[in-house]
Amino acid sequence: MTNVAARTTANVVLLATGIAAAYVIVTTPPLRRFALRIAYAWLGASAPMYFVNEVRRAWVESGQPA
């Protein structure tokens, strides 16, 4: 098996696994609620931190004193 064929096979297997997992999560109400709770927590924590870090980086790059 060539390197390209191995990568293609691995990508297809990962895609099929992801689709199967998504189907199970969407069709099972407790898993769907859990996934939504995790998504809200992730977005609620990571998005504000991303913006804070970007503002901090922009401030440092502007050369303005604190």
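When T28 is tested against (1) at pLDDT 90 or above; (2) surrounded by fewer than 10 Cβ atoms within 10 Å (Cβ to Cβ); (3) of a type in the set (S, T, N, Q), exactly one condition is not met: (2). Consider T8 carefully, then state whether it is over 20 Å from the mean Cα position of the chain (by Cα) and β-branched (V, I, T). Against the criterion (over 20 Å from the mean Cα position of the chain (by Cα) and β-branched (V, I, T)), T8 qualifies. Of all residues in the range 48-66, those that are surrounded by 10 or more Cβ atoms within 10 Å (Cβ to Cβ) have Cβ atoms under 8 Å from Cβ atoms of residues that are assigned to a loop (DSSP other than H, G, I, E, B) and among the aliphatic types (A, V, I, L, M), 6 or more apart or on another chain, in W59/A66.
The values are calculated or read from the model by the stated rules, or taken from the named source; none is laboratory data. Keep in mind that what you see is a predicted model, and the values were worked out from it rather than measured. Glycine also receives a Cβ, built like all others from the backbone with ideal geometry; neighbour counts cover every protein chain displayed.
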